[in-house]
Amino acid sequence: VEYADKKISTHITQIMPKVDEDTQRVVALSSVDEKVDNLFINTYVEATLYFGTKLQYPAVKKSALSFFNNEWVVFVPNEEENEKEELAYVPQVVEIVAQDDTYVGIKGLKTGAVYVSAESYYVKSALLKSSLGDGD
């Protein structure tokens with residue numbers, strides 16, 4: 001940000017969702033890390049924005065997430081071939097990086113991967129039952 005002929009380093013804390021239809025501008029709220037004399041709230045200043053590399057993460061439905069063994073997981077098809085009977089799905093540990101009302105951006109799952117998108121608690125329940133054994 002440049003203010004009173006001085007360059008000030010700041011970081012954007014929030015971008016307001018409304019776009020001015022006439023000017024095509026958005027309001028970005030910024031935090032100043034250093035003390036600046038005569039800088040007031042709601043002051044309009046000229047700024048240059050620098051963007052880092054673009055990061056992309058797959059998004060899954062929130063209903064796909066399950067908390068299992070103290071980690072967030074989604075259930076994916078079990079691709080291991082075993083002679084004994086195995087569950088159709090296994091937990092895949094993921095890290096939540098972003099979210100909205102419906103979807104969650106995650107690390108730990110490839111884009112386009114097949115996963116259980118709804119009622120994952122049924123899969124979790126079956127997995128927990130199988131870990132207890134069949135009571136023999």
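The condition of being surrounded by 10 or more Cβ atoms within 10 Å (Cβ to Cβ), among the charged types (D, E, K, R) and modelled with pLDDT under 75 holds for only one of Glu46, Glu86, that being Glu86.
Just one residue in the set Val104, Val114 is on the phi < 0 side of the Ramachandran plot, at pLDDT 85 or above and not in a loop (DSSP other than H, G, I, E, B); that residue is Val104.
Of the strands (runs of 3 or more DSSP E) that lie entirely inside the stretch 1-80, those containing 3 or more residues that are among the small types (Gly, Ala, Ser) and in contact (Cβ under 8 Å) with a residue 12 or more places away in the chain span 26-32. Regarding Ser63, is this residue within 30 Å of Val123 (Cβ to Cβ) and not charged (D, E, K, R)? Yes; evaluated as a whole, the condition is true for this residue. Among the residues of the stretch 60-78, is any acidic (Asp, Glu) and at pLDDT 85 or above? Within the stretch 60-78, one or more residues are acidic (Asp, Glu) and at pLDDT 85 or above. Against the list (1) at pLDDT 75 or above; (2) closer than 30 Å to Thr111 by Cβ, the condition Lys6 fails is (2).
The values are calculated or read from the model by the stated rules, or taken from the named source; none is laboratory data. Treat the numbers as computed from the prediction; the structure is a model and nothing was measured. Here the Cβ is made from the backbone with ideal geometry for all residues, glycine too, and neighbour counts use every protein chain on show.
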